[in-house]
Amino acid sequence: MKAAAAFEPVTAGSMASAAVLEPVAYPTFDDALARHGAEIYRYALHLTRNRPDADDLYQETALKAYRAWDRLPCDANHRAWLYRIATNTFLSDKRKTSRLRSLDASITAESIPATSQDNDGRLDAGTLLREVEAFIVDLPPKQRAAFVQRKYLDMNYQEIAAALGSSEAAARRSVHEALRKLRDRFGDRI
Amino acid sequence: MNDLVNAAPGRRPPLLEVIAERRDTDPCDVACEAMPAHVAGDLTSRDETWLHEHTRVCTYCANELRRYDKLDALLSTIGGTCDQAWSPPPLALPRRAHVWYTRVDSPIGELILAATAEGLREVDFAKESSDEAFVARMRQVGADVSHAARSDDAEPAVRQHLERAARELEEYFGGRRSRFDIPLDWGPMPPFQRAVLEATAAVPFGHVDTYAGIARRIGKPKATRAVGNALGRNPIPVIVPCHRVIRSDATLGGYTGGLGIKQHLLRHEGVTIS
């Protein structure tokens, strides 16, 4: 045993100096959620395009993350980990997320009145936006997830591949395929 | 074209360089690959330049580019609807224990002290335990961990417990204290282990009891070995004096921090064990 070192008591003023080594800050689950929760919720909104489903997806993601938190290494990438859980939850819950519950409850319908006109005044722009939105929700789930992450959450293909558990090339193909489908469906109306 | 999009700068195949010169075709295969990449933001600025040069000589691609750009604008409008300040719904998650810890020096080596608002939760022989190992172990029992010096959000009660634990330990090692008064937080501990530790906490300074003696005291006289195991996982050594429990043949038995520390503590209390 090493020689008895001077014992320095911790007092109100010396709490900081009591630390012999500079401590590493380990984020708590609440820290991680406070930091990334809003982004994950936005991801859920983009995926489901309606708030009740987004709320469900977010809650379920948070609960799964909470349960798995204690098995996560201290230095894990929490953002990527939460995206992965949210994506898996979304993909495994096809029943609830494969269709919009109702077109009127979609986020676009909530935000943009259907009577708005485009510059030519001929086309109901709000209706077109809703149709495009519904078309996105009807894309195959993996394609939809990749498309949403690239287009709306500004993620690179490495991050998307990690969230989807696929290759970067497959993630890129999914995004391009989604765009090609959108063009084929709506190209003659825009 | 996929290869063109993916290719690293400098290793660009010659095909893209001829795109700009390629004449009007309908349909043009450039559009099929390049337009989605354009909208997805996958093209480098050089690719974008080439693509735009190409659309000047290819009517089909010029039309496609216009359509894709309009589509892009629609998609941006749809995406913008999610940028409102919609905050995530409140979560109903089980409450986690939150443990704050600090390190202090002592005659038996550096110690990690950890407390919750309830009381002192852990005393760790830091020599045996890195910060990371300590945090990982706390997490396994479902507690969040913060360093007391690093976080301002430690509740006053937690700081008081940590300060008091350090003060009482200092007095103990200085020979001015023979019993600890600090509140303890047993955490999610099996009832048997808790009974063992509470019986152990009742063994006074300068006295010893045996594993069999503790087993008798908690009404489980046959559980001598289980008592030894429970003491081996004592989360609050020194303060819960598991060093005062020895074998019936008057030998030391075991000690998680090392037998040297057990010997030192007993000698400090005036107990001599052969």
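The values are calculated or read from the model by the stated rules, or taken from the named source; none is laboratory data. Values in this document were obtained by computation on a predicted structure and should not be read as measured data. All Cβ positions, glycine included, derive from the backbone under ideal geometry; neighbour counts span all protein chains shown. The area values use the complete protein model at the heavy-atom level, side chains included, leaving out ligands, DNA and RNA. Shrake-Rupley method; radii C 1.70, N 1.55, O 1.52, S 1.80 Å.
Condition check: surrounded by fewer than 14 Cβ atoms within 10 Å (Cβ to Cβ) and farther than 30 Å from B:Thr272 by Cα. Does B:Ser130 satisfy that? Against the criterion (surrounded by fewer than 14 Cβ atoms within 10 Å (Cβ to Cβ) and farther than 30 Å from B:Thr272 by Cα), B:Ser130 qualifies. Filtered by the rule that a residue be acidic (Asp, Glu) and either touching a Phe, Trp or Tyr at 6+ places or on another chain (Cβ under 9 Å) or crowded, with 23+ Cβ neighbours inside 10 Å (or both), region A:138-187 gives A:Glu159, A:Glu168, A:Glu177. For region A:69-98, a residue qualifies if it is surrounded by 13 or more Cβ atoms within 10 Å (Cβ to Cβ), basic (Lys, Arg) and modelled with pLDDT of 65 or more, and the qualifying residues are A:Arg79, A:Arg84.
The residues of region B:224-250 that are touching a residue at least 12 places away in the same chain (Cβ under 8 Å), assigned to a loop (DSSP other than H, G, I, E, B) and out of contact with any strand residue (DSSP E or B) (no Cβ under 8 Å at 6 or more places or on another chain), listed by number, are B:Arg233, B:Asn234, B:Pro241, B:Ala250. Would you check if B:Pro204 is modelled with pLDDT of 90 or more and open to solvent by 30 Å² or more (accessible area, probe 1.4 Å)? For B:Pro204, the condition - modelled with pLDDT of 90 or more and open to solvent by 30 Å² or more (accessible area, probe 1.4 Å) - is met. Just one of the listed residues (A:Arg67, A:Arg79) is under 14 Å from the mean Cα position of the chain (by Cα) and of a type in the set (D, E, K, R), namely A:Arg79. Taking region A:26-41 as the range and being within 9 Å of chain B (Cβ to nearest Cβ) and under 14 Å from the mean Cα position of the chain (by Cα) as the test, the residues that pass are A:Leu33, A:Gly37, A:Ala38, A:Ile40, A:Tyr41. One residue stands out in region B:85-119 among those that are in a strand (DSSP E or B) and within 9 Å of another protein chain (Cβ to nearest Cβ): the one that is most open to solvent (accessible area, probe 1.4 Å), namely B:His98. On the stretch given as region B:51-71, residues that are touching a helix residue (DSSP H, G or I) at 6+ places or on another chain (Cβ under 7 Å) and open to solvent by 40 Å² or more (accessible area, probe 1.4 Å) total 2.
Looking at region B:178-188, can you tell me whether even one residue there is at negative phi, over 24 Å from the mean Cα position of the chain (by Cα), open to solvent by less than 30 Å² (accessible area, probe 1.4 Å) and at pLDDT 95 or above? I'd like the intermediate steps shown before the answer.
As a first pass, look at region B:178-188 and keep what is at negative phi: B:178-186, B:188.
In the following step, the residues that additionally are over 24 Å from the mean Cα position of the chain (by Cα) were identified as B:178-183.
Imposing the further condition that a residue be open to solvent by less than 30 Å² (accessible area, probe 1.4 Å) reduces the set to B:182.
Narrowing the set further to residues that are at pLDDT 95 or above leaves B:182.
Yes.
Taking the numbered list (1) more than 8 Å from chain A (Cβ to nearest Cβ); (2) open to solvent by less than 20 Å² (accessible area, probe 1.4 Å); (3) more than 17 Å from the chain's Cα centre (by Cα) in turn, B:Glu171 passes all entries but (2).
A quick yes/no check of all residues on (1) of a type in the set (D, E, K, R); (2) open to solvent by 30 Å² or more (accessible area, probe 1.4 Å); (3) farther than 17 Å from B:Val123 by Cα; (4) within 33 Å of the chain's Cα centre (by Cα):
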| site | (1), (2), (3), (4) |
| --- | --- |
| B:Ala165 | no, no, no, yes |
| B:Ala212 | no, no, yes, no |
| B:Arg216 | yes, yes, yes, no |
| B:Gly219 | no, yes, yes, no |
| B:Ser248 | no, yes, yes, no |
| B:Thr256 | no, yes, no, yes |
| B:Lys262 | yes, no, no, yes |
| B:Val271 | no, no, yes, no |
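The residues of region B:133-150 that are surrounded by fewer than 16 Cβ atoms within 10 Å (Cβ to Cβ) and of a type in the set (S, T, N, Q) amount to a single one, B:Gln140. When residues in region A:45-68 are screened for being modelled with pLDDT under 90 and outside any helix (DSSP H, G or I), 1 of them pass.
Within the option set B:Gly219, B:Gly174, being assigned by TED's automatic domain parsing to the domain that holds B:Leu231 and free of Cβ contacts under 8 Å to residues at least 24 places away in the same chain holds for one residue only, B:Gly219.
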